[in-house]
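Structure first, commentary second.
The values are calculated or read from the model by the stated rules, or taken from the named source; none is laboratory data. In this text the structure is predicted, and so the values were computed from the model without any measurement. Neighbour counts are summed over all protein chains in view; Cβ atoms, including those assigned to glycine, are modelled from backbone coordinates with ideal geometry. Ligands, DNA and RNA are stripped out before the accessible areas are found, and what is left, the full protein with its side chains, is counted by its heavy atoms. Shrake-Rupley method; radii C 1.70, N 1.55, O 1.52, S 1.80 Å.
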Amino acid sequence: MKKLTPKELYNMWIEFFTSHGHVQIPSASVIPENDATVLFTTAGMQPLVPYLLGEKHPKGTRLCNVQKCIRTNDIESVGDSSHLTMFEMLGNWSLGDYFKKEMIPWSFEFLTSEKYLNIPIDRLAVTVFEGDSLSPRDEEGATAWLNAGIKKENIFYLSKEHNWWALGSGVGPCGTDSEMFYDTGKPKCCETCSPACDCGKYLEIWNDVFMQFRVEEVGGECKELSQKNVDTGMGLERVVCISNNLDSVYDSIIFADAIKKIEELSGKSYSDEENKKPIRIICDHIRTATNILGDEKGIAPSNVGQGYVLRRLIRRAVNYARRLGIKAEDLIQVSNTFIDYFVAYNPDVYSSLDNNRKFIIDELAKEINKFSQTIVAGTKEFEKQMANLKDNTIDGVSAFRLYDTFGFPLELTIELASDRGAKVDVEGYNKAFEHHQAISRQGAEASFKGGLSEANEVTAKLHTATHLLLGALRKTFGEHIYQKGSNITPERLRFDFNFERKLLPEELKTLEDIVNQAINDEVEITCEEMPIEKARESGALGVFGDKYGEVVKVYTMGDYSKEICGGPHAKNTKELHHFKIVKEESSSSGVRRIKAILD
Ligand code: GLY
């Protein structure tokens with residue numbers, strides 16, 4: 001197999017797919033834009049959902065990219081040889097263009113040809129869907145693999161549990177898939193050993209999803225899509241690992257500087273088996289935290305949403321650092337090695353880490369400091385609880401108290417308890433957590449019990465309000481005002497724009513009045529597709545420069561707003577009811593931030 005650096009693999013991927021007619025699109029932010037249904041971008045397809053569902057993509061029907069992704073559902077597995085909470089996904093898409101008979105031979109070519117990965121055919125195993133009432137046994141896929149050159153005994157038919165792909169919520173475009181595995185050469189764990197077991201013999205490296213279905217709401221029916229798509233994702237870190245004949249993703253160049261730094265700070269060696277797991281966890285969590293903090297959206301640690309995940313990652317890293325005898329504040333040095341690594345590896349994707357270095361380091365330092373203060377008090381409380389254990393278990397309310405009052409993430413309590421041979425009542429904790437949320441949450445959030453489609457509707461309305469707010473800002477302060485950032489959660493919109501000073505209360509009131517006037521005017525919202533030049537001539541605002549291709553969508557809201565935008569939006573401004581600004585603050589130098597709600 002060819003020995004590759006991460007950048008060589010990145011370039012090879014883009015070269016292969018552009019030579020097959022694909023257009024490269026940039027990696028989206030790790031914080032999804034205008035999507036309140038997920039916290040992080042978990043797959044390259046996520047920003048493409050509208051296009052997989054049938055909307056026209058401005059760059060055509062064949063796309064490829066390398067997407068930074070965050071998945072924290074497997075956080076417990078981090079520290080083994082292959083799991084990471086942040087990874088880069090090499091992806092390519094057919095939006096109603098080619099399908100299985102093109103994609104499988106291309107996958108085979110990329111995996112095995114001398115020009116590309118050059119993996120010996122014998123080291124590859126693939127899976128296809130075994131069939132159910134919705135989708136037949138994938139003989140077409142199996143035959144395509146066989147014809148390409150995969151041995152019959154290395155093609156496995158697996159159930160829906162393994163060979164069906166959808167987003168975590170289960171909602172959105174979905175379909176059967178065919179996964180590709182690298183056979184590590186380890187002996188079979190049993191007679192029936194296959195890519196379905198997690199014994200470590202087979203490492204998944206690539207997934208071809210054949211997306212021909214969609215699910216509209218949680219638990220909803222699976223319906224045929226009007227177009228057949230292909231969505232594939234290959235794990236960059238895993239392929240770099242096997243291409244360099246390594247046992248673990250952590251042993252590659254991607255983590256080399258960080259591991260060296262941790263060894264230096266702790267005086268402990270990564271080659272000692274007992275140090276491997278804590279060192280890997282610190283690396284993983286600081287790497288992911290650095291990328292969440294350094295994203296263009298600038299998320300900081302908090303007790304909700306992305307901020308809470310970030311807080312958990314940092315606090316978990318601190319906990320493992322303490323075990324290795326590293327001073328918590330020295331984790332900043334580990335973060336710096338990752339910033340340096342990413343910027344040197346791929347400045348096109350990661351320059352925001354360098355630009356936001358101060359924010360990353362400041363927020364990391366603040367969080368570490370906060371945690372260090374609480375940990376002393378929390379440890380005392382923990383010891384009190386340990387002295388009063390019933391059934392050798394910390395009950396849910398006590399575990400929640402450790403979290404809520406002392407800032408101990410649940411994982412930390414579980415880990416500390418397990419070090420002492422005790423358990424934690426996780427179910428009880430979750431109940432206490434939910435109870436707490438139910439009483440402290442505002443009405444807006446509670447209304448989301450209605451499910452995803454309702455969440456989407458609210459998101460669309462807040463998105464419309466964002467356009468109206470920009471219109472109001474430009475009307476009030478002049479045409480030099482532009483959007484600098486936007487983020488929407490089910491509760492609120494957050495909008496950043498260029499402005500040098502704090503806004504006065506009466507100015508905020510003017511902005512609210514203009515937006516509420518637009519709402520009261522019951523303006524119909526129209527959407528038109530047109531070439532980008534025509535859109536610009538018509539005076540439509542576009543904030544993303546060259547990201548757009550030939551044909552763009554222009555959303556018009558009477559005289560209040562005209563913007564190039566992917567949508568979605570409300571149909572009429574009256575759906576927004578009432579607009580209220582809840583906060584105005586500085587975002588960064590020369591940039592102000594407004595948070596607003598619809599009530
Ligand atoms: N979207 C394909 C994957 O994540 O495997």
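Within the range 340-356, work out how many residues are within 18 Å of I14 (Cα to Cα) and open to solvent by 60 Å² or more (accessible area, probe 1.4 Å).
Within the range 340-356, the first condition is being within 18 Å of I14 (Cα to Cα), and the residues that meet it are 345-350.
Then drop every residue that is not open to solvent by 60 Å² or more (accessible area, probe 1.4 Å), which leaves 347-348.
The total comes to 2.
This table checks each residue for (1) in contact with a strand residue (DSSP E or B) (Cβ under 8 Å, 6 or more places away or on another chain); (2) of a type outside the set (F, W, Y); (3) open to solvent by 60 Å² or more (accessible area, probe 1.4 Å).
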{"site": "G378", "(1), (2), (3)": "no, yes, no"}
{"site": "N388", "(1), (2), (3)": "no, yes, yes"}
{"site": "I394", "(1), (2), (3)": "yes, yes, no"}
{"site": "G407", "(1), (2), (3)": "no, yes, no"}
{"site": "T413", "(1), (2), (3)": "yes, yes, no"}
{"site": "A422", "(1), (2), (3)": "yes, yes, no"}
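Being assigned to a strand (DSSP E or B) and within 16 Å of the ligand (Cβ to nearest atom) is the filter here; which residues of the range 224-251 pass it? Can you show your working first?
Within the range 224-251, the first condition is being assigned to a strand (DSSP E or B), and the residues that meet it are 224-235.
Listed by number, the residues that qualify are L225, K228, N229, V230, D231, T232, G233, M234, G235.
Output the residues belonging to the range 150-163 that are open to solvent by 30 Å² or more (accessible area, probe 1.4 Å), closer than 14 Å to M180 by Cα and outside any helix (DSSP H, G or I).
K151, F156, Y157 - these are the residues of the range 150-163 that are open to solvent by 30 Å² or more (accessible area, probe 1.4 Å), closer than 14 Å to M180 by Cα and outside any helix (DSSP H, G or I).
Given the conditions (1) farther than 30 Å from G219 by Cβ; (2) within 15 Å of the ligand (Cβ to nearest atom); (3) part of a helix (DSSP H, G or I), which single one is not true for E88?
(3)
Does F108 satisfy being of a type in the set (F, W, Y) and open to solvent by 10 Å² or more (accessible area, probe 1.4 Å)? Let's see the steps before the verdict.
On the way: of a type in the set (F, W, Y): yes; open to solvent by 10 Å² or more (accessible area, probe 1.4 Å): yes.
Yes.
Among V230, V249, V215, which is within 30 Å of K327 (Cβ to Cβ) and touching a strand residue (DSSP E or B) at 6+ places or on another chain (Cβ under 9 Å)? Walk me through it before giving the result.
Values: V230 fails: within 30 Å of K327 (Cβ to Cβ); V215 fails: within 30 Å of K327 (Cβ to Cβ).
Among V230, V249, V215, only V249 is within 30 Å of K327 (Cβ to Cβ) and touching a strand residue (DSSP E or B) at 6+ places or on another chain (Cβ under 9 Å).
Considering (1) away from the ligand (no atom under 16 Å from the Cβ); (2) within 23 Å of Q212 (Cβ to Cβ); (3) in a loop (DSSP other than H, G, I, E, B), say which one L146 fails and leave the rest.
Checking L146 against (1) away from the ligand (no atom under 16 Å from the Cβ); (2) within 23 Å of Q212 (Cβ to Cβ); (3) in a loop (DSSP other than H, G, I, E, B), the one that fails is (3).
Without any contact (Cβ under 8 Å) to a residue 60 or more places away in the chain and under 28 Å from S248 (Cα atoms): which single residue out of I375, I326, I360, I314 fits that description? Before you say what the answer is, go through the steps one by one.
Details: I375 fails: under 28 Å from S248 (Cα atoms); I326 fails: without any contact (Cβ under 8 Å) to a residue 60 or more places away in the chain; I360 fails: without any contact (Cβ under 8 Å) to a residue 60 or more places away in the chain.
On inspection, the qualifying residue turns out to be I314.
With the structure loaded, tell me whether N73 is part of a loop (DSSP other than H, G, I, E, B), surrounded by fewer than 18 Cβ atoms within 10 Å (Cβ to Cβ) and within 16 Å of the ligand (Cβ to nearest atom) or whether it fails that test.
Numbers: part of a loop (DSSP other than H, G, I, E, B): yes; surrounded by fewer than 18 Cβ atoms within 10 Å (Cβ to Cβ): yes; within 16 Å of the ligand (Cβ to nearest atom): yes.
The answer is yes for N73.
Which condition number in (1) touching a Gly at 6+ places or on another chain (Cβ under 6 Å); (2) modelled with pLDDT under 95; (3) away from the ligand (no atom under 16 Å from the Cβ) is the one that V49 fails?
(3)
If I filter the range 364-376 down to residues being open to solvent by 30 Å² or more (accessible area, probe 1.4 Å) and of a type outside the set (A, V, I, L, M, F, W, C), which single residue comes out as modelled with the lowest pLDDT?
The qualifying residue modelled with the lowest pLDDT is T374.
Report yes if some residue within the range 69-85 is at pLDDT below 95, of a type in the set (S, T, N, Q) and over 30 Å from G305 (Cβ atoms); otherwise report no. Working first, answer last.
First, the residues of the range 69-85 that are at pLDDT below 95: 71-83.
Within this subset, residues satisfying the condition of being of a type in the set (S, T, N, Q) are 72-73, 77, 81-82.
From what is left, the residues that are over 30 Å from G305 (Cβ atoms) are 81.
There is at least one residue in the range 69-85 that is at pLDDT below 95, of a type in the set (S, T, N, Q) and over 30 Å from G305 (Cβ atoms).
Do we find that M211 is open to solvent by less than 10 Å² (accessible area, probe 1.4 Å), within 16 Å of the ligand (Cβ to nearest atom) and within 30 Å of I281 (Cα to Cα) in this structure?
On the way: open to solvent by less than 10 Å² (accessible area, probe 1.4 Å): yes; within 16 Å of the ligand (Cβ to nearest atom): yes; within 30 Å of I281 (Cα to Cα): no.
No; evaluated as a whole, the condition is false for this residue.
If E179 meets every condition in (1) crowded, with 17+ Cβ neighbours inside 10 Å; (2) part of a loop (DSSP other than H, G, I, E, B) apart from one, which number is that one?
Only one criterion is unmet by E179, namely (2).
Before we move on, is V78 within 14 Å of the ligand (Cβ to nearest atom) and hydrophobic (A, V, I, L, M, F, W, C)? Please lay out each step first, then the result.
Details: within 14 Å of the ligand (Cβ to nearest atom): no; hydrophobic (A, V, I, L, M, F, W, C): yes.
Spelling it out, it is not the case that V78 is within 14 Å of the ligand (Cβ to nearest atom) and hydrophobic (A, V, I, L, M, F, W, C).
Please state which of the following conditions E216 fails to meet, knowing it meets all the rest: (1) open to solvent by 40 Å² or more (accessible area, probe 1.4 Å); (2) among the acidic types (D, E); (3) over 30 Å from S133 (Cα atoms).
Condition (3) is where E216 drops out.
Looking at (1) surrounded by 18 or more Cβ atoms within 10 Å (Cβ to Cβ); (2) at pLDDT 90 or above; (3) out of contact with any strand residue (DSSP E or B) (no Cβ under 6 Å at 6 or more places or on another chain), which one does H467 not meet, given that it meets all the others?
Of the numbered conditions (1) surrounded by 18 or more Cβ atoms within 10 Å (Cβ to Cβ); (2) at pLDDT 90 or above; (3) out of contact with any strand residue (DSSP E or B) (no Cβ under 6 Å at 6 or more places or on another chain), the odd one out for H467 is (3).
Which of the residues that make up the range 1-38 are of a type in the set (A, V, I, L, M) and in a loop (DSSP other than H, G, I, E, B)? Even if it seems obvious, please write down each step before you answer.
Start the filter on the range 1-38 by keeping residues that are of a type in the set (A, V, I, L, M), which leaves 1, 4, 9, 12, 14, 23, 25, 28, 30-31, 36, 38.
Correct list: M1, L4, I25, A28, V30, I31, A36, V38.
Under 8 Å between Cβ atoms, at least 6 apart or on separate chains: pull out the pairs that start in the range 194-211 with a residue that is without any contact (Cβ under 8 Å) to a residue 24 or more places away in the chain and end on any residue that is aromatic (F, W, Y).
Pairs found: none.
Got at least one residue in the range 281-289 being open to solvent by 20 Å² or more (accessible area, probe 1.4 Å) and either assigned to a loop (DSSP other than H, G, I, E, B) or touching a residue at least 12 places away in the same chain (Cβ under 8 Å) (or both)?
Taking the range 281-289 first, the residues open to solvent by 20 Å² or more (accessible area, probe 1.4 Å) are none.
No, every residue in the range 281-289 fails to be open to solvent by 20 Å² or more (accessible area, probe 1.4 Å) and either assigned to a loop (DSSP other than H, G, I, E, B) or touching a residue at least 12 places away in the same chain (Cβ under 8 Å) (or both).
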